[in-house]
Amino acid sequence: ETGVTQSPTHLIKTRGQQVTLRCSSQSGHNTVSWYQQALGQGPQFIFQYYREEENGRGNFPPRFSGLQFPNYSSELNVNALELDDSALYLCASSGGDRANEQFFGPGTRLTVL
Amino acid sequence: AQSVTQLGSHVSVSEGALVLLRCNYSSSVPPYLFWYVQYPNQGLQLLLKYTSAATLVKGINGFEAEFKKSETSFHLTKPSAHMSDAAEYFCAVSGRNNDMRFGAGTRLTVKP
């Protein structure tokens, strides 16, 4: 059973740029959720995708957008980067027999300068 | 809206001592509750979960938590701390769409 993977591991961008983060869900999972974890804080829910459709969204502006593909992998896109977007971005997948349990990837550390 | 509050941003215990990390929840429906652990520069690992079965839940690494509806609490305990338990711990409640709402976290330090 392959776990949740994320790429890249680290990323440095400048203010105003755009970034795409990627996530491969665990085998057999059809739901992917994205979280933002600022330094010293708990993860904050960004949005969730279920079978390629957005299935819930947290309190994040529209410049945070996403996609889910037929193989259930997912992308998080952030436009017009701001300094406060610097954070660890976590992807979690769920589904199958343990649909109420989310399995987290190692995260992508984004630094905005 | 569902939420959790973790009491104490930092907890320090001696090796071999009892670990108690506090979490209170707010939910208008029977909640699903979780405890996760995060080691430096890593993602989150599930310790245990409550999904309305037994109120005392046993997890990995000797941790357990008790769901107390009357106190709206879901505190995490371990009888004897080990140096390897030093990490950040997060309590979370599952929302309507299975999205997680996390607490701010508690950093556990274990002294030799």
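The values are calculated or read from the model by the stated rules, or taken from the named source; none is laboratory data. On a predicted model such as this, the values are computed, not experimentally measured, just so you know. Positions of Cβ are generated from backbone atoms using ideal geometry, with glycine treated the same way; all protein chains shown enter the neighbour counts. The area values use the complete protein model at the heavy-atom level, side chains included, leaving out ligands, DNA and RNA. Shrake-Rupley method; radii C 1.70, N 1.55, O 1.52, S 1.80 Å.
What's the average, rounded to a whole number, of partner chain beta-carbon atoms within 10 Å of each residue's beta-carbon in A:55-66?
For this peptide, the per-residue mean of nearby foreign Cβ atoms is 1.
Taking the C-alpha atoms of region B:52-112, how large are the radius of gyration and the largest Cα-Cα span, Dmax, in Å?
13.2, 43
Using alpha carbon centroids, what distance separates region A:21-52 and region B:39-112, in Å?
19
Which far-off residues, 5 or more places away or on another chain, put their amide H under 5 Å from the one on B:Gly105, with H placed in the peptide plane?
Sorted by chain and number, the residues that satisfy this are B:Gln6, B:Cys91.
Could you calculate, for region A:48-113, the ratio of the Cα radius of gyration to the Kirkwood radius, expressed as Rg to Rh?
0.98
From zero outward in steps of 10 Å, how is the percent of C-alpha pairs of chain A spread across the bins?
Final binned percentages: 16, 50, 29, 5, 0.
In what order, largest first, do B:Lys69, B:Lys49 sit by accessible area if the probe radius is 1.4 Å?
B:Lys69, B:Lys49
What is the interface area between chains A and B, defined as buried accessible area summed over both chains with a 1.4 Å probe, reported in Å² to the nearest 100?
1500
Hey, what do the phi angles of region A:23-35 turn into as Karplus ³J(HN,Hα) couplings, whole Hz, using 6.51/-1.76/1.60 and θ = phi - 60°, x for Gly and Pro?
So the J values, rounded to whole Hz, are 9, 10, 6, 5, 3, x, 9, 10, 10, 10, 10, 10, 9.
So if the hydrodynamic radius of chain B is defined as the Kirkwood radius over C-alpha pairs, what does Stokes-Einstein give as its diffusion coefficient at 20 °C and 1.002 mPa s, in µm² per second?
The estimated diffusion coefficient comes to 153 µm²/s.
Test of understanding: extend the Cα→C-beta vector of A:Ser65 to 7 Å, then name every residue of region A:34-59 with backbone N under 14 Å from that spot.
Flagged as within label range: A:54.
Considering every residue in A:42-50, what mean count of other chain Cβ atoms within 10 Å of its Cβ is obtained?
5
Quick one: Karplus J couplings for region B:70-76, per residue in order, coefficients 6.51, -1.76, 1.60, θ = phi - 60°, nearest Hz, x for Gly and Pro?
5, 9, 6, 10, 8, 6, 9
Taking one equal scatterer on every alpha-carbon of the protein assembly as shown, how large is log10 of I(q)/I(0) by Debye at q = 0.10, 0.13, 0.14 1/Å?
Calculated log10 I(q)/I(0) at the listed q: -0.45, -0.75, -0.87.
Please compute the average number of Cβ atoms from other chains found within 10 Å of each residue's Cβ in peptide A:101-111.
For this peptide, the per-residue mean of nearby foreign Cβ atoms is 4.
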